[in-house]
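The values are calculated or read from the model by the stated rules, or taken from the named source; none is laboratory data. Note that the structure is a prediction, hence the values are computed from the model and not measured. Note that we place each Cβ from the backbone using ideal geometry, even for glycine, and neighbour counts take in every protein chain shown.
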Amino acid sequence: MIDNNNVILDVRAISRHFGALKAVDRVSFQVRKGEIIGLIGPNGAGKTTITNLVTGDLKKNAGEVHYKGTDVSSMQPFQIARIGLTRTYQIVKPLQGMTVEENVLVGSLYGRGNRINDLSNARKTVHDVMELVGLYKKKDFMVSDVTLPDLKRMEFARVLAMDPEVVFLDEVMAGLNPSEVEESMELVKKVREDRQLTIVYIEHIMKAVMGISDRIIVLHHGKKICEGSPQEVRDNPAVIEAYLGKKYAKEVMKANE
Ligand SMILES: Nc1ncnc2c1ncn2[C@@H]1O[C@H](COP(=O)(O)OP(=O)(O)OP(=O)(O)O)[C@@H](O)[C@H]1O
Ligand SMILES: [Mg+2]
């Protein structure tokens, strides 16, 4: 359920450049509790960099991030994660030399609630989230022995085991086949409902983004170029141009007239 009166995440004019490249250029947006926000844009638009800036993985050049009323701009990623704002990694980050279950356990031990001294409850959480994402049967596999889609599921399970309130999911569906994409969409919707989670959902599979987002934010060359309902975004000329280039965008717009 979306709580329209509760802005849980308030991103204020954040910027990050790499040399002359403005990877993220004064981007602002707000997320309400319980929303699924789609964050889209062509390759290199700045989606992962925004995630890194919000979760403290990367330093901002300017701007602020407020989470549940607290300015988290200068906090460390582990501190931000412990108060419930966290993310998955587009390039999966398994802890090598460990099993799938142990990787997820790390999330449970060091996430919100910091269960490091509460192993039995941490294990119970791990069991539940691994069932939820369909990974339980592979719990004893070493991470080096599972496929990329399973590592993506593991990333998702690990972040859920942290008991977050806001999660940035950075391309958790990459590499999945069409029926797995459908399953994954249902799963994202289910965890939003069951856990009252707020999700910022980064994905190139348009069907998935359009199907599950309440609102969509579109980035292009580090700037926010559009924000609105899936319908509004789909019909926006600037968005069509960003994806297709000027020439083809004109043809599409003409055809739609
Ligand atoms: N550490 C870095 N050093 C230099 N340039 C970087 C660094 N990280 C990102 N960039 C550049 O910043 C821009 C934004 O990258 P980012 O990874 O945020 O894009 P993205 O929208 O996530 O793209 P994709 O859809 O391919 O994942 C790109 O031009 C990228 O090459
Ligand atoms: Mg990315």
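Can you tell me which residue within the stretch 1-59, out of those that are touching a Phe, Trp or Tyr at 6+ places or on another chain (Cβ under 8 Å) and in a loop (DSSP other than H, G, I, E, B), is nearest to Gly245 (Cα to Cα)?
Among those residues, the one meeting the criterion is Pro42.
Pull up the stretch 27-51, narrow it to residues that are among the hydroxyl-bearing types (Ser, Thr, Tyr) and under 19 Å from Gly69 (Cα atoms), then point me to the one that is farthest from ligand 2 (Cβ to nearest atom).
For the stretch 27-51, the residue satisfying everything is Ser28.
Taking the stretch 61-88 on its own, how many of its residues are in a helix (DSSP H, G or I), over 17 Å from the mean Cα position of the chain (by Cα) and among the hydrophobic types (A, V, I, L, M, F, W, C)?
The number of residues fulfilling the criteria is 0.
Of the residues that make up the stretch 231-250, is at least one within 16 Å of ligand 2 (Cβ to nearest atom) and either modelled with pLDDT under 95 or in a strand (DSSP E or B) (or both)?
yes
What's the number of the only condition in (1) in the same structural domain as Gly38 (by TED's automatic domain parsing); (2) within 16 Å of ligand 2 (Cβ to nearest atom); (3) in a helix (DSSP H, G or I) that Glu155 fails to meet?
(1)
What pairs come up if the first residue lies in the stretch 198-227 and is acidic (Asp, Glu), the second is within 14 Å of ligand 1 (Cβ to nearest atom) and in a loop (DSSP other than H, G, I, E, B), and their beta carbons are under 9 Å apart, counting only those six or more places apart or on different chains?
Short answer, once both residue conditions are applied: Glu203/Glu171; Glu203/Val172; Glu203/Met173; Glu203/Ala174.
Select from the stretch 177-214 the residues that are surrounded by 19 or more Cβ atoms within 10 Å (Cβ to Cβ) and not in a helix (DSSP H, G or I) and list them in ascending order.
Leu197, Thr198, Ile199, Val200, Tyr201, Ile202, Glu203, Ser213
Considering only the stretch 192-212, state which residues are within 16 Å of ligand 1 (Cβ to nearest atom) and in contact with a strand residue (DSSP E or B) (Cβ under 6 Å, 6 or more places away or on another chain).
Val200, Tyr201, Ile202, Val209
Search the stretch 38-54 for residues that are among the hydroxyl-bearing types (Ser, Thr, Tyr) and pair each with any residue that is part of a loop (DSSP other than H, G, I, E, B) and within 7 Å of ligand 1 (Cβ to nearest atom) when their beta-carbon atoms are under 7 Å apart and the residues are at least 6 apart or on different chains.
Thr48/Gln90
Is there a residue being touching an Asp or Glu at 6+ places or on another chain (Cβ under 7 Å), within 16 Å of ligand 1 (Cβ to nearest atom) and in contact (Cβ under 8 Å) with a residue 40 or more places away in the chain anywhere in the stretch 97-115?
No: zero hits.
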